[in-house]
1. Using a Förster radius of 30 Å, what is the FRET efficiency between residue 78 and residue 32 based on their Cβ-Cβ separation? Nearest 0.05, please.
2. What is the dipole size for the chain, taken about its Cα centre, with +1 at each Lys and Arg Cβ and -1 at each Asp and Glu Cβ, in debye to the nearest 20?
3. Just add up the charged neighbours of residue 121: K/R +1, D/E -1, any other residue whose Cβ is under 12 Å from the Cβ of residue 121.
4. Report the label-to-label distance for residue 20 and residue 129 in nanometres (one decimal), using points 7 Å from each Cα along the Cα→Cβ vector.
5. Extension gain residue 92-residue 11, at 0.36 nm per residue separation less the Cα-Cα distance, in nm?
6. Could you work out how much longer the chain between residue 43 and residue 122 gets when fully extended? Use 0.36 nm per residue separation minus the Cα distance between them, nm to one decimal.
7. Can you put 26, 55 in order of Cβ neighbours within 10 angstrom, beginning with the fewest?
8. Only counting other Cβ atoms within 10 Å, I'd like 36, 18, 60 sorted with the fewest neighbours first.
Amino acid sequence: VNGQLGHGDDSSQSRPMHVKKLHGTYVSSIACGLAHTVVVSEVDRAVFSWGWDEYGQLGHGGWDIFGGNKNRSPRAIKDLQDKAIKQIACGSSYTLALSSRGDVFAFGWGKDGQLGLGNSAKERKTPTLVKGLAGVALVAAC
C-alpha cells in the first residue's frame, strides 16, 4: 500500500517478487518497519530505503516532490554513503544504522526517545550520529 515492496507501485503481491532496481546487488542486511524497508549492499555498504516516509524514516531528508511521503522504489541514502554501514534495524517509524566502526545513526520518528537523541528530537529526516554510543556491535529496534 505504501510502496514498501519496492516494485515502483502500491500494489500488494501474493508471492515473492524480485526487486528489479536492486538487480545485481548482494544484500547483507535487511530490515522492515511498519511500512518501510531498508537494505545494506554487501559489496559497497550502500544503504537503500523505500516505502512510507512520513517522519523521515527513509533518511532522504523528507518528502519527495513527486511521490509525496512515499518512495516506491529503492533509493540510496546519500548521507550514509561513506559510513561503511554493516547492519540496519527498523522500528515502526524509525531506522537505526550501524557502521563497521561501531557508530550508530538514527532517523525517523523520535518523540518517545527511540532515536537516542534526547527528548527534543521529535523526528530526524536524515541520519544523525547518536553521540555517547561507541563500539556498538549490534542494533535492534521494535
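Throughout, read-outs are computed from the coordinates displayed, never taken from laboratory work. Keep in mind that this is a model prediction, so the values were computed, not measured. Virtual Cβ from ideal backbone geometry, glycine too; neighbours counted across all protein chains shown.
1. Step by step, r from the Cβ atoms, then E = 0.90.
2. Approximately 120 debye in magnitude.
3. For residues surrounding residue 121, the net value is +3.
4. Spacing of the two 7 Å Cα→Cβ label points: 4.0 nm.
5. Gain on extension, residue 92 to residue 11, equals 27.1 nm.
6. 25.1 nm
7. The fewest-first ordering by Cβ neighbours comes to 26, 55.
8. 18, 60, 36
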